[in-house]
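These notes are about the structure you will find just below.
The values are calculated or read from the model by the stated rules, or taken from the named source; none is laboratory data. Keep in mind that what you see is a predicted model, and the values were worked out from it rather than measured. Heads up, the Cβs are rebuilt from the backbone with ideal geometry, glycines too, and the neighbour counts pull from every protein chain shown.
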Amino acid sequence: MSVLIWLIPVAITMGALGLAGFLWSLRSGQFDDMDGAAHRILMDDDEPLPGKDTKSDD
Amino acid sequence: MVALDATQSGLAASGGVDPQAFVRRREGLSELDLMVRGATCAGCIARIEGGLREDDRVEQARLNLSTGRLALAWRGDPALAADYVRKLGRLGYPATPYEPEREADPNREEEKRLLRAMAVAGFAMMNVMLLSISVWSGGLEMSETMQALMHRISALIVLPAAAFAGQPFFRSALRALRVGHVNMDVPISLAVFLACGLSVWETFIGHGQTYYDAAVMLLFFLLIGRFLDMRLRARAGEAARGLAAMQAATANLLEADGRIRAIPARDVKAGDHLVLAAGDRVPVDARILEGEGALDGSLVTGETAPVTAKPGLDVWSGMLNLDGKLVLEARADRDNSLLAEITRLVEAGEQARSRYVRLADRAARLYVPVVHGLAALTVVGWLLIGGEVRPAIINAIAVLIITCPCALGLAVPAVQVVASGRLYREGVLVKSGDALERLAGADTIVFDKTGTLTEGRPRLVDADGVPDGALEMAARLARTSRHPLSRAIADAAGMGEAAADVKEIPGGGLEAMVAGQRVRFGAARWLGIDAASDPHTEAWLVVGNDAPVRFCFEDRLREDAAEVIAALKARGCQLHLLSGDRAGPVEAVAATLGITDWQAEMQPQDKIARLEALKEAGGTVAMVGDGINDAPALAAAHVSISLASAAEVSQAAADFVLQGDRLAASVVAMDVSRGAKRRVLENFGLAAAYNAIAVPMAVAGLVTPLIAAIAMSASSVLVTLNALRLARGGR
């Protein structure tokens, strides 16, 4: 049972880290535009390579 | 075609608003917030942001897809604003400038505070469960010291977490107690305090069972309910502000040196000279100094026939200038205009409405004395039977914990969030949760005519009756004009060619040379035709020296009006029609739709009086309207519905706003509201059933922390699942 002396603080610390992460992301406005964030990942910022045929990105 | 292009690009550019008035200067940058319509996907974001960034001067272009707001910043001239708005229009996303809120929105702040509290409560709940469950399941193998250690760690987690996450409830309970009331938060706060207090006592003195997990679980579930409720309110408020921003009003100020400058309408002062272009709305109450033409007052008075504008005439804010440029002298600033008078009536109505007691509060009034009475009886009963103080108090606390209104707290907000989400998809904007409750009870529905049951703009009657070619000839001229009658002609004729070099004579009509002939289209008076006695709205076409051709117009019923009236009748509602228009057209509409109870030429005060009479007679009155003159009536009714094309004040006063101007959505709103009320009552039933089982056990002293945890979470989940049933059904 003595292993619990280590495990419980470790478990709680990890939980607390998650909580801190959530509060930080809330404060930094990452939840202000949920729909936009879901779509932005699909956007392709890359420019076509020079010299190749430029393709339409539609 | 030249004239047509100019008109259309002018329309797309401004929508009647000059964006430059909303530009803010900061450190050499010009900043503008825009409300963008039609953006729904990643492609839209890329096109909008990419399209604007093509201009090197643009420093920042960021679109918030959830709210449709675009933050734009560029180096240099504020006048570029109009270019950017035009560019967005060309890309297919019409944009309107708006003024961002000066101070932080209190609803949004509260929402964030609740979300933080919920996160903390959730974290504490999960970690305490980890410890509690090991105590419950390992009770036999676990040594006393180990159990004591577990309890101490639990205390370390729960006490600060409950102190933080419980604040919304503690504060509200304190506020209620101070004014001598009892609300739902009083038993909640009491249960949390007692659960924590009892557990601390057991941990350090009594060595019995602890309720740490119950305390935070209570908070977590209740905070979910609170958060959903607040989110609904914040969302609705945001959407309402978005609608208001779409109608942002600017005025063109005519300065002493003859220059014209765009300013926000609320900066207009009495005595200012304003220029009103065709298609603009009168920003403040004013008097006409120069210019002639026609004004559409339907949104203000409910009358469809245009008002003839001439110097010296007093005009009211909200009227639409149909043709010709007018120069106005402001008679009052915006706060003292007719609009402000209407707003005062609206506020009076809203105060009356705030007396409505929400279902949840009615439940709370019943609930609190019963629960506290039960707890007191438990103490007395156990003292009488056993004579020992400790089990008596522990069992009384168990009663308070187990009856804590977790399921009751979720019962209403969960249903309302699901219901308004569904209505949002159906194109109905819900402004507040209790509006759903009020609409569910409505049995008397009062309609406005102009713009609500009818389209609020003229349509050509009897297009087949006009001679061949006349309609097409009239349309050639009409396609260049923004006058409602011209638009009606253009609509009736469909797409086609427009005549070149069309002259628009204010207060008269249109004139052009087509194929060497002089063609004129406009008012009878201007064309020298004697038709003063005709009851119809009309326009005449004269080609060369031919006999004039007459076009008649009427304000046509909405396509779905008859269907909606029939559907509402089938749902057992009494229907009334109150209009500011003349008796003739009102009677015609009432007869067509089969509404027997109608009244015409009603002033806003008359409408309120009629609504009060209906309320006196015992009806629960819903008002459907759109005009500025309807706004006080919308606020005075028990519940009200407005349309997206309605005046800003009316949308602000209404509980529901129908997007896309589909009247049929009002029937959906009614059905969903009634469904929501059924679900809420079912949820109350579920909560009552849960209490009927759990309370006797608690009174008898059979409840352990394990049973409390299972019972509370099970009832909350059950209630939420029942609410989700509302999302299904319908299309």
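Counting residues in segment B:67-84 that are crowded, with 22+ Cβ neighbours inside 10 Å, within 14 Å of another protein chain (Cβ to nearest Cβ) and β-branched (Val, Ile, Thr) gives zero.
Per the listing B:Gly456, B:Gly427, B:Gly433, B:Gly451, the residue uniquely out of contact with any strand residue (DSSP E or B) (no Cβ under 6 Å at 6 or more places or on another chain) and surrounded by fewer than 19 Cβ atoms within 10 Å (Cβ to Cβ) is B:Gly427. If I filter segment B:297-313 for residues that are closer than 24 Å to B:Ala631 by Cα and at pLDDT 80 or above, do I get at least one hit? No, segment B:297-313 contains no residue that is closer than 24 Å to B:Ala631 by Cα and at pLDDT 80 or above.
Mind listing just one residue for me: the one in segment A:25-43 that is more than 12 Å from the chain's Cα centre (by Cα) and more than 8 Å from chain B (Cβ to nearest Cβ) and, of those, surrounded by the most Cβ atoms within 10 Å (Cβ to Cβ)? The extreme case among them is A:Arg27. Scanning segment B:40-51 for any residue that is away from chain A (no Cβ under 14 Å) and at pLDDT 75 or above turns up nothing.
Residue-by-condition table, conditions (1) farther than 21 Å from B:Pro405 by Cα; (2) modelled with pLDDT of 85 or more:
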{"site": "B:Val135", "(1), (2)": "yes, no"}
{"site": "B:Glu141", "(1), (2)": "yes, no"}
{"site": "B:Ala163", "(1), (2)": "no, yes"}
{"site": "B:Pro168", "(1), (2)": "no, yes"}
{"site": "B:Arg175", "(1), (2)": "no, yes"}
{"site": "B:Asn183", "(1), (2)": "no, no"}
{"site": "B:Ser189", "(1), (2)": "no, yes"}
{"site": "B:Cys196", "(1), (2)": "no, yes"}
{"site": "B:Phe204", "(1), (2)": "yes, yes"}
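Checked against (1) surrounded by fewer than 23 Cβ atoms within 10 Å (Cβ to Cβ); (2) within 11 Å of another protein chain (Cβ to nearest Cβ); (3) touching a helix residue (DSSP H, G or I) at 6+ places or on another chain (Cβ under 7 Å), B:Thr145 passes all but condition (3). Those strands (runs of 3 or more DSSP E) of segment B:602-719 in which at least 1 residues are without any contact (Cβ under 8 Å) to a residue 24 or more places away in the chain, considering only elements entirely within it, cover B:639-643. B:Glu682 - would you say it is modelled with pLDDT of 85 or more, farther than 15 Å from B:Val446 by Cα, out of contact with any Lys or Arg (no Cβ under 8 Å at 6 or more places or on another chain) and not aliphatic (A, V, I, L, M)? It is true that B:Glu682 is modelled with pLDDT of 85 or more, farther than 15 Å from B:Val446 by Cα, out of contact with any Lys or Arg (no Cβ under 8 Å at 6 or more places or on another chain) and not aliphatic (A, V, I, L, M).
Can you find even one residue in segment B:527-538 that is in a loop (DSSP other than H, G, I, E, B) and touching a residue at least 40 places away in the same chain (Cβ under 8 Å)?
Yes; the residues of segment B:527-538 include at least one that is in a loop (DSSP other than H, G, I, E, B) and touching a residue at least 40 places away in the same chain (Cβ under 8 Å).
Residue by residue through segment B:52-65, note down the ones that are more than 14 Å from B:Ala81 (Cα to Cα) and more than 10 Å from every other protein chain (Cβ to nearest Cβ). Residues satisfying the conditions are B:Glu54, B:Asp56.
Yes/no per residue for (1) modelled with pLDDT of 90 or more; (2) under 16 Å from B:Gly451 (Cα atoms); (3) part of a strand (DSSP E or B):
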position	(1), (2), (3)
B:Cys552	no, no, yes
B:Arg556	no, yes, yes
B:Ala567	yes, no, no
B:Gly572	no, no, no
B:Gly584	no, no, no
B:Ala588	no, yes, no
B:Ala591	no, no, no
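If you go through segment B:480-502 and keep only what is at pLDDT 80 or above and in contact with an Asp or Glu (Cβ under 8 Å, 6 or more places away or on another chain), you end up with B:Ala493, B:Val502.
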